[in-house]
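Here's the structure, in structure tokens; my notes come after.
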Amino acid sequence: RWLKEGRESRTLVLVVVFVALLLDNMLLTVVVPIVPTFLYTTEYEGANSSAAPDQMESAPLAYKAPPFSSMFSYFDNTTVTVLDYSADSTTEQANMTESSSLPQLPDTSPPPESSCLEGEEFLTNENVRVGLLFASKALIQLMVNPFVGPLTNRIGYHIPMFIGFVIMFLSTVMFAFSGTYTLLFISRALQGIGSSFSSVAGLGMLASVYTDDSERGNAMGIALGGLALGVLIGAPFGSVMYEFVGKSSPFLILAFLALLDGALQLCILQPSKIFPESTKGTPVFTLLRDPYILVAAGALCFANMGVAMLEPTLPIWMMQTMCSPKWQLGMAFLPASISYLIGTNLFGVLAHKMGRWLCSLIGMVVVGISLLCVPLAKNIYGLIAPNGGLGFAIGMVDSSMMPVMGYLVDLRHTSVYGSVYAIADVAFCMGFAIGPSTGGAIVRAIGFPWLMVIIGVINIAYAPLCWHLRSPPAKEEKIAILSQECPMQTKSHSTQKSLRDFPLTDDSDVETE
């Protein structure tokens, strides 16, 4: 009885989608602080390990040179001041021992500075490799999405959702035990396939369950809150676990949580049953020719491209300029994630009242300004304000544009949502594919600050296009249906159109049935 009620509950469907997006985005961001430092320790330090024995051999020679070595080391072990005092007051022989011991002090006393500057060329080149690794997930997702959308129209959302969980679980386990760049790359690409299935099916399922526009906006806001929470927990969780427990630990915990999500899906969604859509959905290519859908997709793409460019480049820039320890590399993204969580939940409700086009326009301008401020930071505390503004603004854009995608399909096409959310996911992926892959190359060519200027200006320049989403025109046969079902939404249409279309109400009612 409990299962039967659960399967009919819209809230539990929302919970399943929330958890799936949470885990997907935790896995997406948990690798952000781990990969640059992991590759640095395994590859750069591994390559330079042959130089280490030579340094170890030269160190004892420095101790053997002065004849009073043993005497001074005794004083050095007890009190440092005795050595300094003797260096000031004794004869030339003492000065010789001082000069022989001074070169050894810089080698041992400031390890953070030397580790910060060491291998700068390796770190600069690593920008490109890390960028490609992060982009591989989005590139694969980009290729798979166009097939997943029509597939959900044919067999329903439940089976693709479960396929996404299975692939995600395999990817997480692979990450835990990958020790080379190639294996990490394959794990990341595999995650792209799983992510494509779970996100397209999840968002499409929500749009089909929540038919009312304002309810759908709230549900999308909550689901994107799961995405935000994943981004929020991922990077700090990954950096802390990697620093204090080990590389495999965050991935094994995520694999366990993924199993719980799979069990929840088996109970609630019944992924063995096929639930095809009753009406034939609009083809993907027809939707891609719709300029209003393209404007909404572009807003999603460019807003998310900003944070996508930061993911591979910011930790390496921090290692070079701020000498940041491992745990700080993930913590730098914490303000962005917290503010994104607040932004998506706040504007899921507010955007419907103030106008989703306006919310998105303001969001893109704030994204641009925040990105321009990132290079001004001198330490991790300087990153709090720009990253916080960035996360809040992306939350505004995402929570506005996701319901707009569903609304545009209702208004201008057939109300089947698999394909349009495949396009929305493609827009995300374009941002997360182009961002890291080009970002790394741009940093190597002209530097990190200029990268932030370029993407910041692009966001500010794109923002005015959101004005076109203020009152998109409906297809003629749709206006009459919408005037009956939700009169609030069709205020913006001219009276001549609505009068001309009223004779079509009978036919359109038959179509919807």
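The values are calculated or read from the model by the stated rules, or taken from the named source; none is laboratory data. This is a predicted model, so every value here is computed, not measured. Note that we place each Cβ from the backbone using ideal geometry, even for glycine, and neighbour counts take in every protein chain shown. Ligands, DNA and RNA are excluded from the accessible area calculation, which covers all protein heavy atoms including side chains. Shrake-Rupley method; radii C 1.70, N 1.55, O 1.52, S 1.80 Å.
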Looking at Lys326 and the list (1) closer than 25 Å to Ile222 by Cβ; (2) over 18 Å from the mean Cα position of the chain (by Cα), which single condition is not satisfied?
(1)
Which residues, taken from the stretch 11-33, are out of contact with any helix residue (DSSP H, G or I) (no Cβ under 7 Å at 6 or more places or on another chain) and in contact (Cβ under 8 Å) with a residue 60 or more places away in the chain?
Val15
Here is a check on your reading of the model: is Ser239 touching a residue at least 40 places away in the same chain (Cβ under 8 Å), in contact with a Lys or Arg (Cβ under 9 Å, 6 or more places away or on another chain) and polar (S, T, N, Q)?
yes
Residue by residue through the stretch 318-327, note down the ones that are open to solvent by 30 Å² or more (accessible area, probe 1.4 Å) and at negative phi.
Gln320, Thr321, Met322, Pro325, Lys326, Trp327
Could you list, ordered by first residue, the pairs with Cβ atoms under 7 Å in which the first is in the stretch 199-222 and at pLDDT 80 or above and the second is among the small types (Gly, Ala, Ser) and open to solvent by 40 Å² or more (accessible area, probe 1.4 Å), at least 6 apart or interchain?
none
Evaluate the following for Ile458: is it of a type in the set (Val, Ile, Thr), in contact (Cβ under 8 Å) with a residue 12 or more places away in the chain, part of a helix (DSSP H, G or I) and surrounded by fewer than 24 Cβ atoms within 10 Å (Cβ to Cβ)?
yes
Filter result (in contact (Cβ under 8 Å) with a residue 24 or more places away in the chain and not hydrophobic (A, V, I, L, M, F, W, C)) within the stretch 439-455
Gly439, Gly440, Arg444, Pro449
Being among the aromatic types (Phe, Trp, Tyr), within 30 Å of Ala219 (Cβ to Cβ) and at pLDDT 75 or above narrows it down to one of Phe38, Phe18, so name that one.
Phe18
So is Lys378 in a helix (DSSP H, G or I), of a type in the set (Lys, Arg), out of contact with any strand residue (DSSP E or B) (no Cβ under 8 Å at 6 or more places or on another chain) and open to solvent by 10 Å² or more (accessible area, probe 1.4 Å) or not?
no
Could you count how many residues in the stretch 136-176 are at pLDDT below 90, under 23 Å from Val31 (Cβ atoms) and open to solvent by 60 Å² or more (accessible area, probe 1.4 Å)?
2
Between a residue in the stretch 265-293 that is at pLDDT below 85 and any residue that is open to solvent by less than 80 Å² (accessible area, probe 1.4 Å) and among the hydroxyl-bearing types (Ser, Thr, Tyr), which pairs come within a Cβ distance under 6 Å, given they are 6 or more apart or on different chains?
Thr279/Thr414; Gly281/Thr414; Gly281/Ser419; Thr282/Thr414; Val284/Ser419
Check off (1) small (Gly, Ala, Ser); (2) over 17 Å from Glu215 (Cα atoms); (3) open to solvent by 10 Å² or more (accessible area, probe 1.4 Å) for Gly391 and give me the number that stays unchecked.
(3)
Test Ala351 against the criterion of being more than 19 Å from the chain's Cα centre (by Cα), small (Gly, Ala, Ser) and crowded, with 24+ Cβ neighbours inside 10 Å, and give yes or no.
yes
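Would the stretch 199-206 turn up any residue that is open to solvent by less than 50 Å² (accessible area, probe 1.4 Å), among the small types (Gly, Ala, Ser) and out of contact with any Phe, Trp or Tyr (no Cβ under 9 Å at 6 or more places or on another chain)?
Restricting attention to the stretch 199-206, the residues satisfying the condition of being open to solvent by less than 50 Å² (accessible area, probe 1.4 Å) are 199-206.
With the extra rule that they be among the small types (Gly, Ala, Ser), the set shrinks to 199, 201-202, 204.
Then keep just the ones that are out of contact with any Phe, Trp or Tyr (no Cβ under 9 Å at 6 or more places or on another chain); that gives none.
For the stretch 199-206, residues open to solvent by less than 50 Å² (accessible area, probe 1.4 Å), among the small types (Gly, Ala, Ser) and out of contact with any Phe, Trp or Tyr (no Cβ under 9 Å at 6 or more places or on another chain): absent.
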Can you name the condition, by its number, that Val209 falls short on among (1) open to solvent by 10 Å² or more (accessible area, probe 1.4 Å); (2) in contact with a Leu (Cβ under 6 Å, 6 or more places away or on another chain)?
(2)
For Pro236, indicate whether it is part of a helix (DSSP H, G or I) and either in contact with a Leu (Cβ under 6 Å, 6 or more places away or on another chain) or at positive phi (or both).
yes
Checking Pro436 against (1) part of a helix (DSSP H, G or I); (2) of a type outside the set (Val, Ile, Thr); (3) at pLDDT below 80, which single condition isn't satisfied?
(3)
Failed item, numbered, when Leu227 is tested on (1) modelled with pLDDT under 85; (2) over 23 Å from Ile163 (Cα atoms):
(2)
